[in-house]
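Taking it in order: structure first as structure tokens, then the write-up.
The values are calculated or read from the model by the stated rules, or taken from the named source; none is laboratory data. All figures in this text were calculated on a predicted structure; none of them were measured in a lab. Glycine gets a Cβ as well: all are built from the backbone with ideal geometry, and neighbour counts include every protein chain shown. Ligands, DNA and RNA are excluded from the accessible area calculation, which covers all protein heavy atoms including side chains. Shrake-Rupley method; radii C 1.70, N 1.55, O 1.52, S 1.80 Å.
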Amino acid sequence: MELVFATNNPGKLREIEDLLGSDFRLRSLKDIGFEGDIPETNPTLEENASAKAFYIYNRYSVSCFADDTGLEVDALNNEPGVYSARYAELDGNKVFGSRGELTGANIDKLLRLLKDKDSRKARFRTVISLVLDGAEHRFEGIAPGMIIDERRGAEGFGYDPVFVPEESSRTFAEMSLGEKNRISHRAIAFRKLVSFLTEQRDDRSP
Ligand code: IMP
């Protein structure tokens, strides 16, 4: 089965390729000749994931899936949510430095807004939209946890240094990639997608 993953992120592509196995031919946006970014301007993770998957499906007529992830914090009405990547930019602060490096402004903003809040409960949530032969299927992965008030650990990316998943005493940034992938939101959503695709393949094989 041939499938496009609507991403420009080689790390994500490798992660899912690993889970999918050899019966699936996974292609990236680059592989199908798509350059640039797909607009992500919707108010929810669901709508963003759908819009990306349909954007590619409608132009290339290939089955395709796309993901969108956000950090949802209870005390901040589920923000940053869809704004996770560029949270600090909403206040005019730079998220990336001149060499493309992260400035840390997103975490600074998060910790500032949570300073006087009692609840530190949060979750990472990934939504995947799969458009298979024109029909949409959605998959969700949630990693519940809490935001601590200072950074810990050097692994991972994004908000990992301040996120402690449930039933752990360490942040995502204090875990190896393998450890994080056993419990992460993205891995949970990817595994649901993979088991759905595997069922489809089995139903279609003679
Ligand atoms: P994306 O939809 O996977 O591009 O994620 C959007 C933003 O959410 C990223 O730029 C990060 O700020 C944040 N994010 C997503 N996944 C993770 C994660 O596993 N750890 C920390 N931050 C994440």
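Using the crude model of +1 on Lys and Arg Cβ and -1 on Asp and Glu Cβ, and no other charge, please compute the dipole size for the chain relative to its Cα centre, in debye to 20. Present the calculation step by step, with values, prior to reporting the outcome.
Working: 29 positive and 36 negative charges, 60 e Å.
So the magnitude is around 280 debye.
Tell me, in nm to one decimal, what length is gained between L102 and T44 on full extension, where the rule is 0.36 nm per residue of separation less the Cα-Cα distance? Mind dumping the intermediate values first?
Values: separation 58, 0.36 × 58 = 20.88 nm, distance 2.39 nm.
Answer, rounded to one decimal: 18.5 nm.
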Exercise for the section: For K117, list the lysines whose Cα falls under 20 Å from its own Cα; do not include residues on the same chain fewer than 8 positions away. Expected result: K109
Practice task
Report in % the part of the accessible area of segment 2-204 that belongs to carbon and sulfur, leaving out ligands and nucleic acids; probe 1.4 Å.
Solution key: 45 percent
Fill in the blank from the handout: Given Cβ charges of +1 for Lys and Arg and -1 for Asp and Glu, the option among F139, G153, F190 whose Cα lies farthest towards the positive end of the dipole of the chain is G153
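Using 1/(1 + (r/R0)^6) with R0 = 35 angstrom and r between the beta carbons of R151 and D18, what's the FRET efficiency to the nearest 0.05?
Values: r = 29 Å, r/R0 = 0.82.
In this case the efficiency is close to 0.75.
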Handout entry: Pair E140, N9: separation of 7 Å Cα→Cβ label points (nm)
Key = 1.9 nm
Problem - Highest-first arrangement of 179-187, 32-40, where packing means the average Cβ count within 10 Å - result: 179-187, 32-40
Problem - Candidates E167, E155, E46, ranked by Gaussian network fluctuation over the chain, Cα under 10 Å, top entry - result: E167
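Hey, can you find the accessible area per residue of the chain for me, probe 1.4 Å, expressed in square angstrom? Display every interim value, and only then the final one.
Numbers: 11010 Å² over 206 residues.
On a per-residue basis, the chain sits at 53 Å².
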Handout entry: segment 134-143 - phi-based ³J(HN,Hα) in whole Hz, Karplus 6.51/-1.76/1.60, Gly and Pro as x
Key = x, 9, 9, 10, 10, 9, 10, x, 10, 10
Practice task
Determine the calculated [θ] at 222 nm for the chain from helices alone, applying -39500 (n - 2.57) to every DSSP H run no shorter than 4 residues and normalising by the residue count; nearest 500 deg cm²/dmol.
Solution key: -10000 deg cm²/dmol
